[in-house]
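What follows is a set of notes on a single structure, which appears directly below.
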Amino acid sequence: MGWIVNLWTILAFSNHFVWTNDEEKFVSIKLGEEINLSCTNRTWSTMLFDTWELKHTDEMKCRIANSSSDPAVNTCNDGRILINTTEGRSQLHIPSFKYTYEGIYKCQTAFQHGSHKILFNVSVIVQPEISGRIEYSPNDNHSVAVCEASSGKPKASISWTSDENVTDKITYNQNRTFTVESRLIIPYNTSMESVTCIVSHPYWNESQTYTISLKGTAPFIVDHHHKALYRAQHPVNLIYWIVIPACLLCVLLTIFVTYFVCIKKHLADLSRNCCKSTIPVATAPTKTQQDVEEVEPYASYVERVNSIYNSSAELCNV
């Protein structure tokens, strides 16, 4: 058993062990997905040890190993562990796959009368985000429909319902993902109302479609001189953004003027009523009963004098 212990020590702790692989596999795992990797279908009833050397794309290394007779080894300390199934088989368990887990996974199992080695090329699958837009270049008499699948891994594949005048651009991002941009040239006087791009990626079981409307949407204008991208004003949008606000402004101005005139008139009426209420009104004096009684004797006297005067005048005339 001494050779077994020495071999276990070499596999678990050596940085210079030379691997001769019996098998090579390519495994793609979705970002955040849980997965179990197996080095053999044998159970611990016949196995002596199961060891894994993990080398990431950033050159970081760690080891995970189990033995039937010695303590377990795990220098990764990131949640990846060796587990045993109910049947007694050993598996490398990854609870949630991350970008940093990509790399080369080497495993070896030793059992009575033999061993088995596998090299796993492990890569992550990241779902791309699909978007689309319309661009218009003032120097050219056409528009460009742009379909983009961003931050995906591996890179997505984009096609159109019409594959004429199509160009593709692939950008490698800092987080090791890809952005694919596909551009479809469309004549400016086209009668089409929309175009559709088809995006294929290993993350999906079926291709995804994205429809870009050509009508009623303001395109983006590409300024090649300043390398800028901005949205152009569609004629229909010009009506919305100029005529309608102007009408609303007129309505608001009319309401304001009407309100101002009404307030001014109301204040004038109120001021006039206040002046009338503060100036005293002269009223003609009314004759009392005493005044009437005092005047009546004088009136009778004047009437008798007039009667005597008239009688004297008549005698003189005779």
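The values are calculated or read from the model by the stated rules, or taken from the named source; none is laboratory data. Because the structure is a prediction, the values reported are computed rather than measured. So basically every Cβ, Gly included, is an ideal-geometry build from the backbone, and we count neighbours across all protein chains shown. Protein only, heavy atoms only, side chains kept; ligands, DNA and RNA dropped before computing areas. Shrake-Rupley method; radii C 1.70, N 1.55, O 1.52, S 1.80 Å.
Here residue 27 and residue 133 are evaluated by their C-beta separation; at R0 = 30 Å the FRET efficiency comes out at 0.25.
Available extension along the chain between residue 41 and residue 176 is 45.2 nm, counting 0.36 nm per residue and deducting the alpha carbon span.
What do you reckon, how do 55, 264, 117, 215 stack up by accessible area (1.4 Å probe), largest on top?
Numbers: 55 75, 264 135, 117 30, 215 105 Å².
In descending accessible area the options line up as 264, 215, 55, 117.
Provide, as a two-decimal number, the C-alpha radius of gyration of segment 27-81 over 2.2 N^0.38 Å, N being how many residues it has.
Values: Rg = 12.9 Å, N = 55, 2.2 N^0.38 = 10.1 Å.
Its radius of gyration relative to the 2.2 N^0.38 Å reference: 1.28.
Distance between the pseudo-spin-label points of residue 252 and residue 59 (7 Å out from Cα toward the beta carbon): 6.4 nm. Of 60, 192, the order by accessible heavy-atom surface (1.4 Å probe, DNA, RNA and ligands excluded), from most exposed downward, is 60, 192. Pairs from the table (98/153; 98/155; 155/215) lying more than 22 angstrom apart at Cα are 155/215. Database remark: amide H of residue 82 closer than 5 angstrom to the amide H of 93 (H placed geometrically; neighbours at sequence offset of 5 or more, or on other chains; Pro and chain starts carry no H). Taking every protein chain into account, the 1.4 Å probe leaves residue 87 with about 110 Å² of accessible area, to the nearest ten.
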